[in-house]
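Visitor: Submitted below is the structure of interest, expressed as structure tokens.
Nothing in this text is a laboratory measurement; each read-out follows from the coordinates by a stated rule. Source: prediction; values computed, not measured. For neighbour counting, all protein chains shown are included, and Cβ atoms are generated from backbone atoms with ideal geometry for every residue, glycine included.
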Amino acid sequence: MCGIIGITMRRGNATPIIVEGLRRLEYRGYDSVGVALQSGGRVEIRKAKGTIDSFVRKASVMSLRGQTGIGHTRWATHGPPNDVNAHPHTDCRGEIAVVHNGVIRNYSSLREELAARGHRIISDTDTELIAHLLEEEASGTGSMVDALARTLSRLQGSYALAILYSREPGRVYFAKMHSPLILALGEEGNAVASDITAVLDVSRRIIPLNDGEFGWIGPEGVEIYRLTPSGYTRVPPREVESRVKFIEWTPEAASKAGYPHFMIKEIYEQPQAVMETFNGAVDDPALAEASRLIAGARDVLVVAAGTSYHAGLVFSYHLYRLARRHSIPIIASEYKQYSPAVGEDTVVVAVSQSGETYDTLAAVREYQSLGARIVGVTNVVGSALDRISDITVYTRAGPEIGVAATKTYLAQVTVLTLLAGYTGEARGVLDRGAREVREPLSRVHEVVNDAIRSSEPYAKQLAGLEGSMYILGRGLGSHIAREAALKVKEIAYLHAEAYPAGESKHGPIALVEPGFPVFIVATSDSPEVAGNAIEMHSRGGRVMVTKPADMGLEIPRGIEVLDLPPSHGDPVLEPFILAPFYQLLAYYAAVKRGYDPDKPRNLAKTVTVE
Ligand code: M6R
């Protein structure tokens, strides 16, 4: 889950571009930062524990000058976060510098082997071993391409690598296996990085790399090779050219643009994100094709992790109610349980903002190998999920940098609600056909705008909550509650437990004592939730009901009511009305408690390890 970048320019200084790229990659990990630059036939390295800001202040990185360099931001796997374990790592002679995202599984045996051959290994990382292996291979051959291919054949596990070799100025070598990596081809130079946002300053013409590919970039060109069972082969230039994609994201979209944090910027960008997603999806032939596939399937599995899983729960709910289609929502890391029944008549809807989440991709690969058809829902064009899906439906939320998924959640809900409605139409079970979802969703921009405006004062007022809390809902509300609790936990570090409200009296209510905060996510499918609010209130809980303003609930005095924009009884709009309040609550609570909402501890935005 680390972020890597490599840049080679025709002229000028690569350092500021690498540092800016690392800022955009920081969501992938912020345990340490490091940069290596080629300069005067040497590789110069600066690295340190901590964030990019402290690194720039302390490590004199900005004094490095050169046209070719690599950088890394770390989410620690092997060894604690400290200066020594920070990347880049080098060989014994300091000629090779390596940055790495991934996990080398045969780390222990390689380490023993290298140590026995006299290599002095100074860090706890698996990455350093790659530098030493390369050193051995490079000394036996004139070609770094050969040396890299042989080194890669020794590695088991996952890697995205960027490598400098002091004897080959102007080149950054790269390799990819199970960790994301893209190339960017620009007028002034070329780049390689873990994701698109990091290289937007170099180019928006990108090539997503496939597993088993490696090669080099120079200021004037790139070469890509593919590992084969007997060695490697060069990817023909014509094929490389045909894989170039143009990305619409701009560098400004990936900047804070004056906001104190990406998270709040992205919360405010939600009206735009849902509108663009709706406009892009509503007449998208891929969506229609996906709905026909789902309509005709024997089994429908919905696979995702974290927030994307919560969007998947909303999809599964709508699919049942709007299309009378049963589906099984699956937490991606649990995919193996369901493999025995997967076959050619299974359709898998895989949801992933990044399109690179390890567990989701592992599930998709396994189900695909068993014959299932894959409908991918992702925000990232050219991501691994995009490339392996039979059909891809895009969310168009723009780049999301904050670790907390906010705008991509509502964008996913937009596209998945349309997909459920279109499936209902394909199955002929909706009186008004797809208009049942199209019409309400055509107003989603203003609904989200109003929801943010009316939620903000409530969220600021409640930001001082302490301790634990319940977030309860029934029906659709129970799914929204799960996303709400995730936001509060991961960003504000407050324990928040989501529970189906009706089930709460079968155990959880025992924890409720005077003042215990209980939020209720009221949705129009479940007016019974008022009874659960009263039960909690009777035990002394501080009960706060969030609801669409036009939802009539008989709520006794003493229970706080947080009225949000009306839904006119249309459940399709309710996630858009209710979710922003909880996002803002998490955000303001984090800020009040002195935490950085963009860098929640122990987390990385894209989880590319098992
Ligand atoms: O990129 P993905 O949507 O596949 O990521 C899945 C989860 O890691 C992600 O949704 C995570 O739970 C959120 N960042 C939490 O806000």
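Visitor: Sort all Cα-Cα distances of the range 88-157 into consecutive 10 angstrom bins from zero, then give the percent of pairs in each bin up to the one containing the longest distance.
Guide: 22, 60, 18
Visitor: Still on this structure: Roughly what % antiparallel, to the nearest 5, for the DSSP beta bridges in the chain?
Guide: Within the chain, antiparallel bridges account for around 60 percent of the total.
Visitor: Okay, moving on. Just the Cα atoms of the range 3-252, one point each, no solvent: what log10 I(q)/I(0) does Debye give at q = 0.10, 0.14, 0.15 Å⁻¹?
Guide: Per q value, in the given order, log10 I(q)/I(0) is -0.41, -0.84, -0.98.
Visitor: For the residues 469, 544, what sequence is obtained by ranking on other C-beta atoms within 10 Å, fewest first?
Guide: The fewest-first ordering by Cβ neighbours comes to 544, 469.
Visitor: When DSSP beta bridges are limited to those with both residues in the range 122-254, what percentage is antiparallel, rounded to the nearest 5?
Guide: In the range 122-254, DSSP labels about 95 percent of beta bridges as antiparallel.
Visitor: To continue, here is another question. Past 23 Å, Cα to Cα, is the threshold; run 176/245; 505/547; 460/599; 58/487; 58/407; 176/487 against it and keep the listed order.
Guide: Beyond 23 Å between Cα atoms: 58/487; 58/407; 176/487.
Visitor: Quick check: Cα centre of the range 549-599 to Cα centre of the range 91-120, how many Å?
Guide: Result: 51 Å between the Cα centres.
Visitor: Turning to a different aspect of this structure: Based on the inverse mean of 1/r over its pairs of different Cα atoms, what is the Kirkwood hydrodynamic radius of the range 262-442, in Å?
Guide: 15.8 Å
Visitor: Measure out, as a whole number of angstrom, how far apart the alpha-carbon centroids of the range 138-178 and the range 433-490 sit.
Guide: Rounded to whole Å, the Cα centres lie 47 Å apart.
Visitor: Tell me, 370, 585, 486 in order of fewest to most beta-carbon neighbours within 10 Å?
Guide: Fewest-to-most ranking of 370, 585, 486: 370, 486, 585.
Visitor: Only loop residues by DSSP count here, and only those with at most 16 other Cβ atoms within 10 Å; note down the trypsin sites (Lys or Arg not before Pro) in the range 78-163 that meet that.
Guide: 93, 105, 117, 120
Visitor: How large is Rg/Rh for the range 449-503, to two decimals, with Cα atoms and a Kirkwood Rh?
Guide: Here the Rg-to-Rh quotient is 0.99.
Visitor: Taking the simple approach of a point 7 Å from Cα along Cα-to-Cβ for both residue 241 and residue 63, what is their distance in nm?
Guide: 4.6 nm
Visitor: In debye, nearest 20: dipole of the chain around its Cα centre with unit charges on the Cβ of K, R (+) and D, E (-)?
Guide: Here the chain has a charge dipole of around 840 debye.
Visitor: If we sort 408-419, 158-169, 7-18 on the protection proxy, mean other Cβ atoms within 10 Å, highest first, what's the order?
Guide: 408-419, 158-169, 7-18
Visitor: Just the Kirkwood number for the range 545-610, please: inverse of mean 1/r across all distinct Cα pairs, in Å, one decimal.
Guide: It is 14.6 Å.
Visitor: While we're here: Provide the descending list of Cα extents for the range 143-255 along its principal axes, expressed in whole angstroms.
Guide: Cα spread of the range 143-255 along its principal axes, largest to smallest: 43, 28, 27 Å.
Visitor: Cross-link partners among aspartates and glutamates for residue 265, C-alpha distance below 13 Å, same-chain residues fewer than 8 apart left out?
Guide: Cα-Cα hits under 13 Å: 252, 400, 598.
Visitor: May I have the pair-distance distribution P(r) for the range 456-597, computed from all Cα-Cα distances with 5 Å bins from 0 and rounded to whole percent?
Guide: 2, 11, 22, 25, 22, 13, 5, 1
Visitor: With bins 20 Å wide starting at 0, give me the P(r) of the chain over every alpha carbon pair, in whole percents.
Guide: 20, 50, 26, 4, 0
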